[in-house]
Each structure stands twice: as structure tokens, then as C-alpha cells.
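One structure below.
The values are calculated or read from the model by the stated rules, or taken from the named source; none is laboratory data. Keep in mind that this is a model prediction, so the values were computed, not measured. Please note: Cβ atoms are built from the backbone with ideal geometry, for glycine as well, and neighbour counts cover all protein chains shown. We work out accessible area using only protein heavy atoms, side chains counted, and drop any ligands, DNA or RNA first. Shrake-Rupley method; radii C 1.70, N 1.55, O 1.52, S 1.80 Å.
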Amino acid sequence: MAMTINSSPVLTGESAEHFIEEADRNSQLPGKGLSPEREAQIAEFLKKSREFIFPPKDSKR
């Protein structure tokens, strides 16, 4: 017979209330976002991915 395995504990009572209050507070905090360097890296990656051609036009067979 198969048994159900709970993968996460269930919070109840004061612990649950504290967890929910802290989660609500944290959800209102501003996120860190990306650094300008990381934004530039992502933009370059997206540019290269849009320009990618396979097989390359200059390949010789």
C-alpha cells in the first residue's frame, strides 16, 4: 500500500501567524534588480541570439 509523504511541514498557530506577517512585510520590500553590467551582458546576449544564423553563411562545404 502506498503512503503519502508530505514534503513540507505545516505551520500552525503563532508560528504560522509570524511566518505570514514576515512574508507580507518582505513582499513589500524593493527587489535588488540587476546591475548595469548585468543588464549590458543580457542585452548583448539577446542581440547575438537574434543575429545568430545556422549554418553560418561563410562556412565552406
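Computed quantities for the displayed model
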read-out: Options LEU11, LEU46; residue that is in a loop (DSSP other than H, G, I, E, B), free of Cβ contacts under 8 Å to residues at least 12 places away in the same chain and surrounded by 10 or more Cβ atoms within 10 Å (Cβ to Cβ); value: LEU11
read-out: Considering residues of the stretch 49-61 that are open to solvent by 100 Å² or more (accessible area, probe 1.4 Å) and in a loop (DSSP other than H, G, I, E, B) only, the residue modelled with the lowest pLDDT; value: ARG61
read-out: Residue check, LEU29 surrounded by 10 or more Cβ atoms within 10 Å (Cβ to Cβ), assigned to a loop (DSSP other than H, G, I, E, B) and modelled with pLDDT of 85 or more; value: no
